1. Could you tally the net charge around Gly56, taking each other residue with its Cβ under 12 Å from the Cβ of Gly56, Lys/Arg +1 and Asp/Glu -1?
2. Quick one: check the C-alpha center-to-center distance for the stretch 90-112 versus the stretch 53-83, whole angstrom.
3. Can you list which of the trypsin sites (Lys or Arg not before Pro) found in the stretch 108-160 are DSSP loop residues with at most 13 other C-beta atoms within 10 Å?
4. Rounded to two decimals, what is Rg over Rh for the stretch 1-42 when you use alpha-carbon atoms and the Kirkwood radius?
5. Output needed: percent of Cα pairs per 5 Å distance bin for the stretch 305-394, bins running from 0 to the one holding the longest distance.
6. Identify the residues of the stretch 26-41 with backbone N under 13 Å of a label point that sits 7 angstrom from the Cα of Phe262 along the Cα-to-Cβ direction, or state none.
7. List the residues of the stretch 43-85 whose backbone N lies under 17 Å from a point placed 7 Å from the Cα of Ala389 along the Cα-to-Cβ direction.
8. Between Ile173 and Thr194, how high is the FRET efficiency from 1/(1 + (r/R0)^6) when r is the Cβ-Cβ distance and R₀ = 35 Å? Nearest 0.05.
Amino acid sequence: MKMLARWLLVSVLVGIGGGAASAIFLHALHWATDYREDNVWIILFLPLAGLLIGWGYYKYGKSVVRGNNQIIEEYQEPKKIIPFRMAPMVLLGTIITHLFGGSAGREGTAIQMGAAIADRFTKWLKMSNVDRRLLLMMGTSAGFASVFGTPWAATIFAFEVLRLDSFRWKRLIPIMIAAFVGDWTCMALQVHHTMYDMYIVSTPVFTMQNIFWAALAGVIFGFGAFTFSQSNHLFGSLFGNYFRYSPLRPVVGGAVLAVVVFAIGTTKYIGLGIPIIEEAFQNKLPAYDFLVKTLFTAFTLGAGFKGGEVTPLFFVGATLGNALAYFVPLPLALLAGMGFVAVFAGATNTPLACTVMGLELFGLTGGIYIIIACVFAYIFSGPKGIYIAQPKQYFKVPYDDIFKKMYKQSS
């Protein structure tokens, strides 16, 4: 009984800490986005912002620079408590990235803050490695739930993104409590999440023909997730290989991004891109939007700027679904919603959490189509997603093997 009471108290405290940190972050992010859009000239200083982030992590953040991958690694093989500096550094780095015009998300920041806060209890309560794993899962769920307002999905995400075979029923309650308390804390601090439940109001009859189209869309979403993940890894490798001095990478990357933004004459592909995500449910958009956002985000994060990948994945998925409406005979809003969660599922290897997220965000109306899209996107997204520290995923189409065979045949 005493042990149960302790874990209930810790889960509430982790939820409050993660939710409060996310609330501060989201309020600051809202201000940064509004200021940038009202003062576009600030994008000219993106290289300077990159220098500030790059030098800051080079000088003070080497122990936390791996971000979400570091959390996954510590969960799999606990070695060292995550330094608390991870929380303020990723918070400031993400706000600076968005303020000056980078393309990034927010989930990575919230998860890293939640995990860094949760890991404090390892030292304070002298917890074992087994208990520490549970703490990291609680911090992950609290951060994810508070930043998106989806506590049920966050509970499953904590198991699925770290290691699905770690599921234990006794772990479920504290992780779920941390997620719900994190979400409630964030809402109590006047954070308002984007609402999507008004978009998918009806779905077509569930027939074999529509199952085929949903599955085909899922396959395409899977390839979109694969492209996003591989682009992230590619740009990260290129910057690492050509610029050994890490603070120089975001300077060069920031200069290129600033030039490109002013050259194309729009800011729709930087920041979170939520207005475009919402528009994808309502109106036809240029079919290339998903690809441009993929390149902007991969280049931003590969150069060393800070932020998450999930909201850009929402953008990529929703606009890719919008593009599929040109030839897939399913409603535009349904395709956008399917892509919204399915590309995320493929890129993070979390089809269960993304299915639940789809139900939380869009309601039950399109549930069966969302399930099909998430499953097929997961299968066809390649063995590795955006988090390279995740264990190898089985039952997935190995694109690397396919490309190798095609290369051998052509040569």
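1. Values: positive: Lys59, Lys62, Arg85, Lys306; negative: none.
Charge balance near Gly56 sits at +4.
2. Cα centroid to Cα centroid, the span is 16 Å.
3. Values: sites: Arg120, Lys123, Lys126, Arg132, Arg133; in loops: Lys126.
Within the stretch 108-160, the qualifying trypsin sites (Lys or Arg not before Pro) (loop, at most 13 other Cβ atoms within 10 Å) are Lys126.
4. Numbers: Rg = 17.9 Å, Rh = 12.6 Å.
Radius of gyration relative to Kirkwood radius: 1.42.
5. 3, 16, 25, 26, 17, 9, 4, 1
6. From the stretch 26-41, the list is 40-41.
7. Taking a point 7 Å out along Cα→Cβ of Ala389, the residues of the stretch 43-85 whose backbone N falls under 17 Å are 61-85.
8. On the way: r = 29 Å, r/R0 = 0.83.
Efficiency for this residue pair is about 0.75.
Where a number appears in this text, it was derived from the coordinates with a stated rule and is not lab data. Since the structure is predicted, the reported quantities are computational estimates derived from the model, not experimental observations. Using ideal geometry, Cβ is built from the backbone for each residue, glycine included, and neighbour counts are taken over all protein chains shown.
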